[in-house]
Amino acid sequence: MPEKATTIATYAAGASLAAITLVYVFGPTFFLDDEATSSSTKKKGVVGLSNAANDCFINSVLQALAGLPDLRIYLIRETHRRKLDGPEVYLVDPEKSSAESATNRPGKLEGLQKGLLTYGLKDILDKLNERPIYKKTISPQSFIRALEHAFGTRISRQQQDAQEFLQIVTERLCDEYHAGAKARRHASRHGITLENGDAASGRREIEEQFGVEPPQDELKEQGEDEDAPLPDEEGFPFEGKIESQIECLTCHFKPKPSSSAFVTLTLSVPQVSSTTLNACFDGMLKVEHIDDFKCEWCRLDHAVKTKEQELERATEPEVKERLESDISKIKQALEDDPENPPVDVEFPDPKLSPKRRIARHMYISAFPKVLAVHLSRSMFAVGTVSTKNLAKVSFPESLPLGGLLHRNNYRLLGMVTHKGSHNSGHYESFRRQVQPVPFSTPHSFGLEGAYSRQASPLPSAAASAMQSPRLSSTNFDGASDLASPIPSHLTLDSPSLQSLSSNSSQGTAGPRGPAPTSAPRTDGDSLRPSPPSGDSTSKLSRTQSLRSLKDKASEKAQSMVDANPLKRKSRRTVNRWWRISDDKIKESKTSEVLGMQKEVYLLFYELDR
């Protein structure tokens, strides 16, 4: 008996030690990884920014930018591309730069080509996207110093406007991209071999940041356009193009549309109690009528009529010949291009040209990947100070833009709000917690892992190396509703039912096929359907009974799952947001974000793929 008690005590001590070891080893990992177990862990899942000198306008914009996957992917690719190319590609020759452009100084151009702000923004966004296990706050001073170094001046803290800060940052990033692309294009023309910006190091960092491997970019043909991107470049994600088209309501002449690039869209909020984001877009993109406009086609037509009158009154042959030549040239310009009138023709006084009424229409010709919308709430009146427009602006979570044939759907990922008056207040930012995967995986697997891919509905001609459990066809001869040979937990996608369907379709209960081999098979070794026999009617009825059994089994399994009282409801992760006020962070929901109609100031939409 003492030996038995000692053995029991030894076993108990070993089991206790094993349990303590399991808790010690797997406990921290479980509590750190399982976000749903503790609300305090979720509140500490994002990094805050300190506010030492009224920097809420900087902090709110940086937090909103940190939640944009397309921007972060661009920064990763651009910085890796510059590192792979080497510093010699982005060096500036002072003599050539002064001869080519008198507006950009050599130091400024070299700063643009080196991407000073691009590196600074990538560093701060990487820090903001860390996953700390405790409350963590960092300072935005590193990015502010990079911004001051890029512009060569000190940033004034008096202009505390988040939209102005966002405009400065995005315009600088866009200029750095185009300067770097021009330097790479110049290097490629002079025989310098450039590495692909989407190289292994960049792809590896994207995979580490977002959990999936990006696909290989398809090479684009490089044209002669100076502003066209290189074959492996996709451009700055905030950059888009907007065009303005005018039409004369008298002669219906439409000149070439004028195009301009943008990085943010500013929409005026009407002075009403409540409005919508679509109404603000209509205010910018609607048709506008302008009076007293001098149309080029009407001006040339007026010149033709004037010279024809002079021709009727002319008596000298030389004057008649000159007028006829002028009329012929002007008519040719009317047919070819009224915007390019002949140079050697003397036109009437511009003051005598007729004034017309025109219609102007603006539209977005190139949609950006990231659409930054600024809602202008400033109201100005003569003789008074500017005030803030407190109108409620309702905005959607999904924003469709474009025509019916070329529809672009955007999804809300970030927002900056402002509380206070026009001259003072506080900025806050909202970021969506769970970001969509930026790239789709090449193969879709089930919930069980890589080996749970659904099989083809048709029986495969090649036999599997692993024999799945099967039920003999003799079990179905006396099948009935009371005693079903198929267990209730089997579904249509189980291997047993797949083997049953393949065997029943062949009308035999024999083996599934020949054993796998590395040698090539002949035609006689392949599986062939059995020839039709006389008992086809009985086989058809047997197949129908199998299908009915499968349906009943699936319905039974689904009813058992739905009726389970212990079933854990899945949380909608896309409904969770971070509400960030400098270093103060708390959770929010989509309904709360969409309810900030009075405070909304900046909206960040990302293009859906």
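The values are calculated or read from the model by the stated rules, or taken from the named source; none is laboratory data. None of the values given here were measured: they were computed from a predicted structure. Note that we place each Cβ from the backbone using ideal geometry, even for glycine, and neighbour counts take in every protein chain shown. With ligands, DNA and RNA removed, areas are computed over all heavy atoms of the protein, side chains included. Shrake-Rupley method; radii C 1.70, N 1.55, O 1.52, S 1.80 Å.
Observations
- The C-beta contact set for segment 419-434 (first residue within 23 Å of A53 (Cβ to Cβ), second residue aromatic (F, W, Y) and not in a strand (DSSP E or B), distance under 8 angstrom, 6+ apart or interchain) comprises Y427/F57.
- The residue that is farthest from S244 (Cα to Cα), among those in segment 289-337 that are open to solvent by less than 80 Å² (accessible area, probe 1.4 Å) and not in a helix (DSSP H, G or I), is A314.
- When residues in segment 381-431 are screened for being touching a Gly at 6+ places or on another chain (Cβ under 6 Å) and open to solvent by less than 40 Å² (accessible area, probe 1.4 Å), 5 of them pass.
- Residues in segment 340-382 that are hydrophobic (A, V, I, L, M, F, W, C) and without any contact (Cβ under 8 Å) to a residue 60 or more places away in the chain: V343, V345, F347, L352, F380, A381, V382.
- Candidates are the residues of segment 360-382 that are in a loop (DSSP other than H, G, I, E, B) and within 16 Å of H422 (Cα to Cα); the one that is modelled with the highest pLDDT is R377.
- Across segment 116-144, the qualifying residues are those that are of a type in the set (G, A, S) and assigned to a helix (DSSP H, G or I), and the one among them that is nearest to A66 (Cα to Cα) is G120.
- Selection of segment 590-609 for residues being in a strand (DSSP E or B), closer than 13 Å to M415 by Cα and either of a type outside the set (V, I, T) or open to solvent by 60 Å² or more (accessible area, probe 1.4 Å) (or both) yields Y601, L602, L603, F604, Y605, E606.
- Residue that is farthest from E234 (Cα to Cα) [pool: residues in segment 45-91 that are aromatic (F, W, Y) and within 25 Å of the chain's Cα centre (by Cα)]: F57
- Single unsatisfied condition, R357 versus (1) within 30 Å of A66 (Cβ to Cβ); (2) touching a Ser or Thr at 6+ places or on another chain (Cβ under 8 Å): (1)
- Members of segment 338-356 found to be in contact with a helix residue (DSSP H, G or I) (Cβ under 8 Å, 6 or more places away or on another chain) and either surrounded by 11 or more Cβ atoms within 10 Å (Cβ to Cβ) or among the aliphatic types (A, V, I, L, M) (or both), listed by number: P338, E339, P341, P342, V345, F347, P348, L352, S353, P354, R356
- Of residues in segment 257-289 being of a type outside the set (S, T, Y) and in contact with a Lys or Arg (Cβ under 6 Å, 6 or more places away or on another chain), the one modelled with the lowest pLDDT: E288
- K369 satisfies every condition listed in (1) of a type in the set (K, R); (2) over 20 Å from the mean Cα position of the chain (by Cα); (3) surrounded by 19 or more Cβ atoms within 10 Å (Cβ to Cβ) except (2).
- If the condition is being surrounded by fewer than 17 Cβ atoms within 10 Å (Cβ to Cβ) and at pLDDT below 85, then segment 109-147 contributes R131, P132, I133, Y134.
- Test: residue in segment 69-76 that is open to solvent by less than 10 Å² (accessible area, probe 1.4 Å), touching a Gly at 6+ places or on another chain (Cβ under 6 Å) and at pLDDT 90 or above: yes
- Selection over segment 383-397 of residues that are outside any loop (DSSP other than H, G, I, E, B), in contact (Cβ under 8 Å) with a residue 40 or more places away in the chain and not aliphatic (A, V, I, L, M) gives a count of 2.
- Residues of segment 123-153 satisfying the condition of being over 15 Å from S50 (Cα atoms) and in contact with a Leu (Cβ under 7 Å, 6 or more places away or on another chain): I133, A146, L147, H149, A150
- Residue match in segment 437-450 (condition: in a loop (DSSP other than H, G, I, E, B), out of contact with any Asp or Glu (no Cβ under 7 Å at 6 or more places or on another chain), at pLDDT below 85 and closer than 26 Å to I168 by Cβ): no
- Of the strands (runs of 3 or more DSSP E) lying entirely inside segment 229-284, those containing at least 1 residues that are of a type in the set (D, E, K, R), in contact with a Phe, Trp or Tyr (Cβ under 9 Å, 6 or more places away or on another chain) and surrounded by 14 or more Cβ atoms within 10 Å (Cβ to Cβ) span 240-248.
- Selection status of R184, of a type outside the set (D, E), under 13 Å from R82 (Cα atoms) and at pLDDT 60 or above: yes
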